[in-house]
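Here is the structure we will look at.
The values are calculated or read from the model by the stated rules, or taken from the named source; none is laboratory data. No experiment lies behind these values; they were computed from the predicted model shown. A quick note on method: Cβ atoms are made from the backbone with ideal geometry, for glycine too, and the neighbour counts reach across all protein chains shown. We work out accessible area using only protein heavy atoms, side chains counted, and drop any ligands, DNA or RNA first. Shrake-Rupley method; radii C 1.70, N 1.55, O 1.52, S 1.80 Å.
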Amino acid sequence: SSSMGFGRVTRPKQLVSAEFATTLALVLARGGNWVGAVLFGDTVERTMPPRHGRGQVLALARALQSPPTPSHEPTDLGAVLRAVGGMARQRALVLVVSDFVTRPGWERPLTMLARRHEVVAIQVVDAAEGDLPDAGLIAVADAETGEQVLVDTGDAQFRKRLRELTIARQRQLVETVARAGIPLHVLATDEEIVAALLRMARLRGRWHR
């Protein structure tokens, strides 16, 4: 099935996140692990307490197929992380799958979560993010707020500034996650899910060593 992410095809971040989470849940469940989830759009929409077995994976897959409630509000990742901390009572492996475009104030909840659990951050990024082509005047919508603006993509200085902002935002994210003492992996929207999992597993081994 092509739904597992085979092929170098750029897909929406939400779809890639869902495929990644479903595949990972399947791998963990096959190893006898309990799997749970906190699903969110702009804030927490559903919690699935940890359970084991194929039925839990199927329930998670079905839940991930449902799109989040439409909203133009920025994601409140801090609320999501606090919800995870409240649900995971015993020490667990926690994977935070997000594009990390969020309201301020998520850094402390991430650090607190990392003190109790083994936390891994998975940043889902658009393969072409920060690399705007020269396509003349186009209307651009902010994915979080819905605000639309007209931009001139033919302006070389504008494209340069966009790249600089993207690099600066990424550097800040890397530094924030590093201060929390956890690894950050980047998952591009055109990357094969299985290949990405194998790559992250190898890097996780190096991190622990």
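Some values worked out for this structure:
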{"item": "Some residue of the stretch 48-61 being in contact with a helix residue (DSSP H, G or I) (Cβ under 7 Å, 6 or more places away or on another chain), touching a residue at least 24 places away in the same chain (Cβ under 8 Å), closer than 27 Å to Arg171 by Cβ and surrounded by 18 or more Cβ atoms within 10 Å (Cβ to Cβ)", "result": "no"}
{"item": "Residue ranges of strands (runs of 3 or more DSSP E) in the stretch 118-209 with at least 3 members over 23 Å from Glu19 (Cβ atoms), of a type in the set (A, V, I, L, M, F, W, C) and modelled with pLDDT of 65 or more", "result": "148-152"}
{"item": "Which listed residue is at pLDDT below 90 and aliphatic (A, V, I, L, M), from Val96, Val27, Val9", "result": "Val9"}
{"item": "Output for the stretch 95-117, where each listed residue is open to solvent by 30 Å² or more (accessible area, probe 1.4 Å) and in a helix (DSSP H, G or I)", "result": "Glu107, Arg108, Thr111, Met112, Arg115, Arg116"}
{"item": "Candidate set from the stretch 25-47 (those that are in a helix (DSSP H, G or I) and crowded, with 19+ Cβ neighbours inside 10 Å); member that is farthest from the chain's Cα centre (by Cα)", "result": "Ala29"}
{"item": "Qualifying residue in the stretch 83-92 (condition: surrounded by fewer than 20 Cβ atoms within 10 Å (Cβ to Cβ), at pLDDT 95 or above, more than 15 Å from Thr47 (Cβ to Cβ) and touching a strand residue (DSSP E or B) at 6+ places or on another chain (Cβ under 8 Å))", "result": "no"}
{"item": "Residue check for Ser66: among the hydroxyl-bearing types (Ser, Thr, Tyr) and open to solvent by 60 Å² or more (accessible area, probe 1.4 Å)", "result": "yes"}
{"item": "Within the stretch 68-94, tally of residues that are assigned to a helix (DSSP H, G or I) and within 17 Å of the chain's Cα centre (by Cα)", "result": "8"}
